[in-house]
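I have placed the structure first, in the form of structure tokens, so that the comments after it can refer back to it.
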Amino acid sequence: MDAAQTTLSKRILSIDILRGLVMIIMALDHTRDFFHVGAMTGDPLNPDTTTGMLFFTRWITHFCAPTFVFLSGLSAYLSAQSRTSSVASSFLLKRGLWLIFVELVIITFGLTFNPGYNFIILQVIWAIGTSMIFLAIFSRLSHKTVLVIGLLLVFGHNLFNLFPAPADSNGGLVLKVFFTASGTVVPISGNHFIYVFYAILPWTGIMFIGYGVGAWYKKGYAAARRQRNLFIAGLFAILVFISLRLINIYGDPVPRKEYHDLFKNLLAFFNVAKYPPSLLYASMTLGPAMLFLAVTENLSNWFTKVTSVYGAVPFFYYVIHFYLLHTILVIVFFATGHHTKEIVQVPFFFRPAAFGFSLPIVYLIWFGVIASLYLPCRWFKKYKQTHRQWWLRYV
């Protein structure tokens, strides 16, 4: 392997390390949703009612979705380097449509275990799929143009919080789906609903920024310059978060609440909106993500080797972990004395509102799930490396 190939493998390894780390952390939030006693009845980020550990358990998972979407854009740029612009655009379009199908059919069932699909939940895979469709269009332009559009979306979409929503229901729904969705419910029929948790364009902005940053990873780009760029960009994002949070005027749908309590004020400072991802939320999460990429490019130890396994097969891991968690939930549901009449719940079957355990048990289940998925992920990583079937590009 020559020097250029060695550098390229290190670059991709650093991306896989970060992606694997956020995938591991992401499973903690889903484990909490299924198994924590207060997940269905309380807000873990509410300074008035939460505890420090519960707040941290939810808050640390904020880094997952934006980092994953950002890295999806970055990976899309790297993938396009080996294709013509038309072929790369076509692939993004097809992959985007495929991911939307996955969200509607495969992920929704893994989340709900509802065979009637009464509740279709649109989350991060939906956001990535729709964003890839937009990227398929705009990637034909220069990566700098894509980057500028991404920055405008991320920095500017909170302007919609300053104006009232359109009076007509159709206009309001379009605005919510594309810009301001926060648990928007769209009725399809009397007993079928779509829950839109991820507004499209704020997440598209994050993906576009990742695509623009991907140019720093192209062949021949100096490693020292790339690391410096990532460090400066990450530091700038963190400063944007701190500055705007202190000013408390723009960057989040709800202004920061002031308490006569130092600890609650600290929690309130970091309690920013994910639905949709506000400018403060994106700055708070993407800043550290870029700093992480800057300092881990040449890092190699047992921890990075483990996390990179999960990061190399994110789609495989993401789908499987939902089905594993929900299968464990079904087992625990019956093992704890619940009856068949309690199966049908909103939105998750086998998950009564009063069901659940303390945080230590949640962490124990989370660790067990992560550990049990390591060997399957390692196997699939090797399979992808040694096989060239067309469908592997989509998983």
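The values are calculated or read from the model by the stated rules, or taken from the named source; none is laboratory data. Owing to the predicted nature of the structure, the values given are computational and were not obtained by experimental measurement. Positions of Cβ are generated from backbone atoms using ideal geometry, with glycine treated the same way; all protein chains shown enter the neighbour counts.
Residue count for the range 153-185 satisfying the condition of being in contact (Cβ under 8 Å) with a residue 40 or more places away in the chain and either of a type in the set (V, I, T) or surrounded by 12 or more Cβ atoms within 10 Å (Cβ to Cβ) (or both): 10.
State yes or no: is T180 out of contact with any strand residue (DSSP E or B) (no Cβ under 8 Å at 6 or more places or on another chain) and either of a type in the set (V, I, T) or farther than 27 Å from M207 by Cβ (or both)? Answer is yes for this residue. Scanning the range 104-117 for residues that are under 18 Å from D33 (Cα atoms) and touching a residue at least 24 places away in the same chain (Cβ under 8 Å), we see that the one that is nearest to the chain's Cα centre (by Cα) is I107. Of all residues in the range 305-317, those being surrounded by 21 or more Cβ atoms within 10 Å (Cβ to Cβ) and under 16 Å from I128 (Cβ atoms) number 4. The number of residues in the range 161-190 that are out of contact with any Ser or Thr (no Cβ under 6 Å at 6 or more places or on another chain), closer than 23 Å to A282 by Cα and in a helix (DSSP H, G or I) comes to 8. If you go through the range 106-122 one residue at a time, do you hit one that is assigned to a loop (DSSP other than H, G, I, E, B), surrounded by 14 or more Cβ atoms within 10 Å (Cβ to Cβ) and either among the aliphatic types (A, V, I, L, M) or touching a strand residue (DSSP E or B) at 6+ places or on another chain (Cβ under 6 Å) (or both)? Within the range 106-122 (the criterion being assigned to a loop (DSSP other than H, G, I, E, B), surrounded by 14 or more Cβ atoms within 10 Å (Cβ to Cβ) and either among the aliphatic types (A, V, I, L, M) or touching a strand residue (DSSP E or B) at 6+ places or on another chain (Cβ under 6 Å) (or both)), the answer is yes, since at least one residue qualifies. Among the residues of the range 207-257, those identified as surrounded by 13 or more Cβ atoms within 10 Å (Cβ to Cβ), assigned to a helix (DSSP H, G or I) and polar (S, T, N, Q) are Q227, N229. Among the conditions (1) more than 30 Å from I206 (Cα to Cα); (2) in a helix (DSSP H, G or I); (3) basic (K, R), R351 misses just one, which is (2).
You will find that of V344, V295, the residue that is β-branched (V, I, T), out of contact with any strand residue (DSSP E or B) (no Cβ under 7 Å at 6 or more places or on another chain) and assigned to a loop (DSSP other than H, G, I, E, B) is V344 and no other. Before we move on, is T204 within 22 Å of G96 (Cα to Cα), within 17 Å of the chain's Cα centre (by Cα) and at pLDDT 85 or above? Taking the combined requirement at face value, the residue satisfies it.
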